[in-house]
1. Those residues that are in contact with a Cys (Cβ under 8 Å, 6 or more places away or on another chain) and farther than 26 Å from Tyr192 by Cβ, I need them from segment 233-289; list them, please.
2. Test Ser110 against the stated conditions and say whether it is among the hydroxyl-bearing types (Ser, Thr, Tyr) and outside any helix (DSSP H, G or I).
3. Between a first residue in segment 178-198 that is not assigned by TED's automatic domain parsing to the domain that holds Phe97 and a second residue that is part of a loop (DSSP other than H, G, I, E, B) and crowded, with 20+ Cβ neighbours inside 10 Å, which pairs have beta carbons less than 8 Å apart while being 6 or more apart in sequence or on different chains?
4. How about segment 497-517: which of its residues are surrounded by fewer than 18 Cβ atoms within 10 Å (Cβ to Cβ), over 14 Å from Thr531 (Cα atoms) and in contact (Cβ under 8 Å) with a residue 12 or more places away in the chain?
5. Only one of (1) without any contact (Cβ under 8 Å) to a residue 40 or more places away in the chain; (2) in contact with a Ser or Thr (Cβ under 8 Å, 6 or more places away or on another chain); (3) among the polar types (S, T, N, Q) is not met by Thr93, so which one is it?
6. Quick one: would you say Pro399 is surrounded by fewer than 17 Cβ atoms within 10 Å (Cβ to Cβ), in contact with a helix residue (DSSP H, G or I) (Cβ under 9 Å, 6 or more places away or on another chain) and modelled with pLDDT under 95?
7. Filter segment 91-100 for residues that are at pLDDT below 95 and surrounded by 22 or more Cβ atoms within 10 Å (Cβ to Cβ) and give the result.
8. When the residues of segment 225-240 are narrowed to those that are in contact with a Gly (Cβ under 9 Å, 6 or more places away or on another chain) and of a type outside the set (Asp, Glu), which ends up surrounded by the most Cβ atoms within 10 Å (Cβ to Cβ)?
Amino acid sequence: MANGLTRENRFSMSRASQVGLVAVAAVLCLGMLLGGLSTPLLWADEAETVMFAEHTRIHGYPKVHGDRNVVYQFGPNIALGVKEGPDAYIGTTWGHFYFAIPGLVWADGSDDLYTKTWRLRLPFALAGAAGLGLWLWALLPAVAEARRRWFAAAFLLSSAVSISLLLHLREVRYYALVVLITGAIARLQLGYRVYRTTSFRGYAVGVCLLLLLLFNTFFQAYFAVAALLGLDWLVAKHRGRATARDLLPLLVSALLVAPLLVWFETLTTARAFAAGFSFEWSDYAANLGAIGLHFLRHEFLAPALLCLGGLAWLRVGDARLRAVAFRLAGFLLGFVLLGCLNPLALERYFVVLSPVVTGLFLLCAFALIESIDAGQVASQRRTAAIVALVLLTLLLRVPGLAAVRGRVQEIVTPVRGPLDYVIPLLQDRYADTEKLVIATNYEEYAFMYYLGSHTIIGLSLNNLLADRVLEPDVVVPRRRWPHSLRRLSTFLREGDFEAVRLPVRDLHHNSMPALSRSRFIPDPHRFETATTDDPDEQLVIYLRSSGSNRTGTSRRP
């Protein structure tokens, strides 16, 4: 009996240790996600979300024209992407604007720039964390029960070093919401198709509503996910494992989405947007190469592909696990092939694939490890599997270590971008920033939000006729955006301004979650402040001299 109690105690301690490991992994993952959430200040896309959320709070929808400011970044043709009657922005659907409103209300309770930023980002970051939890919940039943805690810990630890994923999940944009919604869809799909734990009613209602929500969050992801769910149904139907009623959620969701598709003029806007690009098959191949290279460098794609190949070659693993792994591989491939049809194939459009790649890698690795432990493979094959695992673990994630170090560094030492120098300076210099007229050619929405200022010109030049007749108090030229830069020169020639040189590089963006440099992203994420003493590189802003100041009341002579 003593020996039996000892074995039981050992098992209990082992289980407790595993639970502790999962808890440590979860804390580490949350720390890497939430650390440094208040810095830098919102960059262009995030500030756009906040301004549309502000207009939505006031009007009930994202109105383009406010009392003084125009929020629109689709181009100089403001007839495109704007619903003329209600003056509503229809360049995207509106889910993330509504989601941002509680954080916006919360941020109103503080005057501190960085507290505001933290409060705006926190709901999105928590939604991203919940999305990772849903993806983990979707994959856990594929693993043997005795190993599920180990799998959970491995998934969370892997997510903690998926820096590209974490940087996107903390943005005030739709990325975290897409991960959350697709994680819920994955749980329902696998529960119904593979695990057989989800009833048809629960599956049908859940998938239908989630697809509708996905369309209203990021319509491009809706089309890709719906198409891949339809393909999965075709394959299952061909194998005699699905019936016509299983297609019902997709059909109902299409009927629900159709009126929205018409109202948002989605296809018209998409065609007009694509017409601005010369998109050939070579461009499609370049998109595939860029996205593939990103996942090879910054995610677990290389070890996932090696393990998947080993799983297929050795033909080992539980049937349920193999079914889930190959479904993930199909979803990964299909999403990339469809997503790269977008001429502007940006890294952020594929962030939903990060937990897919991590899950695929770990499922295949666990299957290989289990087969080795169980002696299911011959000696040579067993050796080959061990060598493959060692190589992929030690070699294929080495390029990602620099990003992990960088992420820790930016949590310890907060990063400041160009706006982190300009906006606090203006807040300190002027008693009433809401009376200021600020002319800038990029990231204009950050000035609108943080300072409440009347901001003109902007990147899209969409209100140029009205903006030209105004006399700005502040001019902030961003030299990396020459298309709209020349519109600021007239103000500087005709006004009396004092130049203020700031010790920071005039970068493309105040911040950028993308890690991979590409033809679309020439200046990716920086893990440290880009200070410089080079006058040719520094950001220079121009303040109307105090004697000619018309609007903002200066605190200093």
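1. Correct list: Tyr284, Asn287, Leu288.
2. Numbers: among the hydroxyl-bearing types (Ser, Thr, Tyr): yes; outside any helix (DSSP H, G or I): yes.
Spelling it out, Ser110 is indeed among the hydroxyl-bearing types (Ser, Thr, Tyr) and outside any helix (DSSP H, G or I).
3. Going by the 8 Å Cβ cut-off, there are no qualifying pairs.
4. Selection gives Glu498, Ala499, Val500.
5. Unmet condition: (1).
6. yes
7. If we filter segment 91-100 for residues that are at pLDDT below 95, which is where we start, we get 91-92.
The one that is at pLDDT below 95 and surrounded by 22 or more Cβ atoms within 10 Å (Cβ to Cβ): Thr92.
8. Step by step, filter segment 225-240, then rank; the result is Leu228.
The values are calculated or read from the model by the stated rules, or taken from the named source; none is laboratory data. Remember, it's a predicted structure, so these values are computed and weren't measured experimentally. Cβ atoms come from the backbone with ideal geometry, glycine included; neighbour counts cover every protein chain shown.
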